[in-house]
Amino acid sequence: MRKRTLNINEVKRDIEGLKGRNLSLSINKGRKKITKLSGEIIDLFPSVFTFRAAAGDIVSFSYSDVICGDIKFLLA
């Protein structure tokens, strides 16, 4: 059976529901490099969202990273 693909509006809506909650992110940077961050989503913009890690760093990710599977959310 073929996997159902998400569109960008569904991803934005899902991420909007996670805003302000404690999350863990698994980020695939390619060539078997996977980074894990804990923190919360602080802002949503039309093409990106920002994430504040527990260490205080602020990083931004695009919604297409979520669609491609490069970023996976894990509820803490």
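The values are calculated or read from the model by the stated rules, or taken from the named source; none is laboratory data. Note that the structure is predicted; figures quoted are calculated from it, not measured. Positions of Cβ are backbone-derived with ideal geometry, glycine not excepted, and every protein chain shown enters the neighbour counts. In case anyone asks, the SASA skips ligands and DNA or RNA and just uses the protein heavy atoms, side chains included. Shrake-Rupley method; radii C 1.70, N 1.55, O 1.52, S 1.80 Å.
Things to note:
- Within segment 51-76, if we keep just the residues that are hydroxyl-bearing (Ser, Thr, Tyr) and touching a helix residue (DSSP H, G or I) at 6+ places or on another chain (Cβ under 9 Å), the residue that is least open to solvent (accessible area, probe 1.4 Å) turns out to be 63.
- Residue that is farthest from residue 5 (Cα to Cα) [pool: residues in segment 21-76 that are assigned to a strand (DSSP E or B) and of a type in the set (Phe, Trp, Tyr)]: 51
- Here residue 12 clears all of (1) of a type outside the set (S, T, N, Q); (2) touching a residue at least 40 places away in the same chain (Cβ under 8 Å); (3) part of a strand (DSSP E or B) except the condition numbered (3).
- Those residues of segment 3-23 which are polar (S, T, N, Q) and loosely packed, with under 11 Cβ neighbours inside 10 Å, in sequence order: 5, 7, 9
- Matching residues in segment 15-41 - criterion: being within 13 Å of residue 74 (Cα to Cα), of a type in the set (A, V, I, L, M) and free of Cβ contacts under 8 Å to residues at least 24 places away in the same chain: 37
- Residue in segment 42-50 that is open to solvent by 50 Å² or more (accessible area, probe 1.4 Å), aliphatic (A, V, I, L, M) and touching a residue at least 24 places away in the same chain (Cβ under 8 Å) present: yes
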